[in-house]
Amino acid sequence: MRPILAVRVIALSIAALAVALGGGSRPLGAVEPLAPNELGRFMILEYHKIDYPEARWTRTPENFRRDLQRLWERGYRTVLLGDLLDRKIALPSGTTPIVLTFDDSSPGQFRYVEKAGQWVIDPDCGVGILEAFAREHPPFGHAATFYVLPGADPPNRLFNQPELATRKLQHLATQGYEIGNHTLWHATLSRYPEDVVRKQIATAQEWIQRHVPGYRPRTLALPMGAYPKSVEWAVTGQVGGTAYQHEAILMVAGGAAPSPFARTFDPYHLPRIQAIDSDLGYWVDYFDKHPEERFVSDGDPATLTIPAARAPALRSPSTLRVVQRP
Ligand SMILES: [Zn+2]
């Protein structure tokens, strides 16, 4: 009898604590108690411009803030794509990883403004909004990948403040973001022979390294979602003194991505979701209605918790200890 009584006392204490904290209602941002499922799917969101007015390729600063709030309230937490590829997902139990990506280095994604003689990050640009949100909601984090264009015409050349390009790329490289390859000037890779494809990719990396010496982008986002004739040209190569190696290639569409622990996970064909009302709304609603399909962390990076019925979908071998739940 004793253990049961002890459990009851703890349950009562938690209930009393909940009442004290939130008057009995679920506090804003609290996570639904979802069962762990590390074979569920996750979303890679794809943003383009953060600007006005809202359009097919533009999200307003207000709508971007709303997106973050909406994801936070539903238990999504940002993770770096590189950590997912490494299968190192260190999230609290019951939460779901989400990857934020920003293509084309347009000015509204990352802008400095002058304030009292100093350059400060514009609070209404993508980076400013994301960092402010993470300060208010630390568990959400501000992980994101920026697929930049080092050789595009303005305004898409490295966020369009040439004198601050180095400062911006160094901020990204050192403050918990990733810089990804998106070719030198947004070349549609399906149209070009091998040497041009490789030069576009290698030169993009080389020009990123002018700002952040030694930086190696781990992933490539395909301009227009167009694959070169051979995917291998985009994965690994060397042009002159520049060697590139990509562990993942991102498409421009395709919906939610399979778990990196699933057999169906294909890093060279990673699907993304356009972060606009229609597509993002569809997928957030979809996972609200089908929570059992969602990647839900078990809170322990050393174990992999999956529904027993889904065990055949597991990609093997995994170095993690697998826990099967009913
Ligand atoms: Zn693009």
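A few points about this structure:
- Gaussian network model of the chain, springs between alpha carbon atoms under 10 Å - residue of Pro260, Pro36, Pro162 with greatest fluctuation: Pro162
- Packing rank of 114-122, 237-245, where each peptide gets the mean count of other beta carbons within 10 Å, highest leading: 237-245, 114-122
- Proximal charge balance of Ala234 [Cβ under 11 Å; K/R count +1, D/E count -1]: 0
- Principal-axis analysis of the Cα atoms of the chain puts helix 126-136 at an angle of about 20° to the longest axis.
- Alpha-carbon centroid distance for the pair the range 32-61 / the range 157-208, whole angstrom: 23
- Rounded to 10°, Cα long-axis angle of helix 165-174 versus longest principal axis of the chain: 30
- Charge tally in the Cβ shell below 12 Å around Arg218, where Lys, Arg are +1 and Asp, Glu are -1, Arg218 excluded: -3
- Cross-link reach list, lysines versus Lys49, counting only Cα pairs under 21 Å and skipping chain neighbours closer than eight places: Lys168
- Crossing angle, helix 2-22 versus the chain [Cα axis fit, 0-90 degrees, rounded to tens]: 50
- Counted by Cβ distance under 13 Å from Pro155, the other residues give a net charge of 0, where Lys and Arg count +1 and Asp and Glu count -1.
- Surface/4 of the Cα convex hull for the range 182-280, nm²: 7.3
- Protection-proxy order for peptides 283-290, 73-80, each taking the mean of Cβ atoms within 10 Å per residue, highest first: 73-80, 283-290
- You can think of it this way: the chain between Asp195 and Trp57 has 46.6 nm of extra reach, that is 0.36 nm per residue less the Cα-Cα gap.
- Accessible area per residue in Å² at 1.4 Å probe, computed on the range 144-285: 40
- Ellipsoid semi-axes for the chain, based on the Cα gyration tensor and the rule √(5λ), read 37, 25, 17 Å when sorted largest first.
- Subtracting the Cα-Cα distance of Ser230 and Lys115 from their residue separation scaled by 0.36 nm leaves 36.5 nm.
- When each of the peptides 38-46, 261-269 is scored by the mean number of other C-beta atoms lying within 10 Å of its residues, the order from highest to lowest reads 38-46, 261-269.
- Atom-type composition of the exposed protein surface of the range 194-326 places 56 percent of the accessible area on carbon and sulfur (1.4 angstrom probe).
- Amide H contacts under 5 Å for Leu304: Arg321, Val322, Val323, restricted to partners 5 or more places along the chain or on a different chain, H placed in the peptide plane at 1.01 Å from N.
The values are calculated or read from the model by the stated rules, or taken from the named source; none is laboratory data. These numbers were taken from a predicted model, which means no experiment stands behind them. Every residue, glycine as well, gets a Cβ built from its backbone with ideal geometry; the counts of neighbours run over all protein chains shown. The protein model used for the area step is the full one, side chains on, heavy atoms only, and it has no ligands, DNA or RNA in it. Shrake-Rupley method; radii C 1.70, N 1.55, O 1.52, S 1.80 Å.
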